[in-house]
Amino acid sequence: MITGSLFVVLGLVFFKAGGFLTGGIVGLSLVVSKLTTSVSFGQILFVINVPFYWLAFKRMGKRFTFNTFLAVAAVSVMSDYSHRVIQLPHVEPVLAAILGGSLVGVGMLVLFRHNASLGGIGILCLYLQDRYGWNAGRIQMLLDACIVGIGFFLVSPWILALSVLGAAALNVVIAMNHKPGRYQIT
């Protein structure tokens, strides 16, 4: 779980260096952190996830909820202090988007392998699918598009395009490597 969290944090270092956004609860936390200077990204990520733990417990059980809590806490703390161990004064923006997205994707795969996630919107989508029969993938895509769409008002069109590239890299890594059922640890 620490390895997965480290990969996610390293990917976020690249995203932050490029000023990029992404989808999901991490993306929402990045958007909110761009709007406020008094609260850190890690604090926002941790707090936004709190209401989703009940859904995680109901939908995926106590082990998944506990592991997800630990992963979110680790990413929250490590991302807030990552600037003390790594700084990227210059990085090619296209490389930052692709490498950042790929690293976050690999980190998420490792977390999935250990029955955890970064919480939030994915859990909500699964709950809505179970409760109302709504397609979780479509809901996730719609919410991610809304979160990244907010970026239209926060970043330049070029940074927004690179944010989409980073999100695509992240999703390609997961789509090509995640096999449901393969990673269940009991």
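Just so it is clear, none of the values below were taken in a lab; they were calculated from the coordinates. Since the structure is predicted, the reported quantities are computational estimates derived from the model, not experimental observations. Methodologically, a virtual Cβ is constructed for each residue, glycine included, from the backbone with ideal geometry; neighbour enumeration extends over all protein chains shown.
Kindly provide the helix-only [θ] at 222 nm of the chain, computed as the sum of -39,500 (n - 2.57) over DSSP H runs of four or more divided by all residues, to the nearest 500 deg cm²/dmol?
So the calculated ellipticity at 222 nm is -24500 deg cm²/dmol.
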From the square roots a ≥ b ≥ c of the eigenvalues of the alpha-carbon gyration tensor of region 2-177, which class results: rounded (a/c under 1.5), prolate (a/b over b/c), or oblate?
prolate
Find which of PRO157, PHE46, TRP134 sits farthest along the positive direction of the dipole of the chain, computed with +1 on the beta-carbon of Lys and Arg, -1 on that of Asp and Glu, about the Cα centre.
TRP134
How large is the charge dipole for the chain, taken about the Cα centre, if only the Cβ atoms of Lys, Arg (+1) and Asp, Glu (-1) carry charge, to the nearest 20 debye?
540 debye
Nitroxide proxy distance, nm - points 7 Å out along Cα→Cβ at VAL47 and HIS83
1.8 nm
Using Cα-Cα distances under 8 Å and only pairs 6 or more residues apart, what relative contact order does the chain have, in percent?
37 percent
For region 1-41, just say rounded, prolate or oblate: build the C-alpha gyration tensor, square-root its eigenvalues into a ≥ b ≥ c, call rounded for a/c under 1.5, and beyond that prolate if a/b exceeds b/c, oblate if not.
prolate
Shape of region 34-85 from its Cα gyration tensor (a ≥ b ≥ c, root eigenvalues): rounded if a/c is under 1.5, otherwise prolate when a/b > b/c, or oblate?
oblate
Which of ILE98, ILE44 has the fewest Cβ neighbours within 10 Å, and the rest in rising order:
ILE98, ILE44
Taking HIS114, HIS178, HIS90, HIS83 and counting other beta carbon atoms within 10 angstrom, the fewest-first order is HIS90, HIS83, HIS178, HIS114
Using a Gaussian network for the chain with springs between C-alpha atoms less than 10 Å apart, which of these wobbles most: MET108, MET78, MET141?
MET141
Could you check which residue among ALA56, ALA167, ALA145 shows the biggest mean-square fluctuation in a GNM of the chain with a 10 Å Cα cutoff?
ALA145
Which of LEU170, LEU70, LEU28 moves the most in a Gaussian network model of the chain with Cα springs under 10 Å?
LEU70
Selection from TYR81, ALA56, LEU28, by position along the positive dipole direction of region 1-117 (Cβ):
ALA56
Enter the Cα centre distance for the pair region 80-142 and region 47-67, rounded to the nearest angstrom.
16 Å
Going by how many other beta carbons lie within 10 Å of each one, how would you line up VAL72, VAL91, fewest first?
VAL91, VAL72
Listed peptides 151-159, 121-129 by packing density, highest first (mean Cβ within 10 Å):
121-129, 151-159
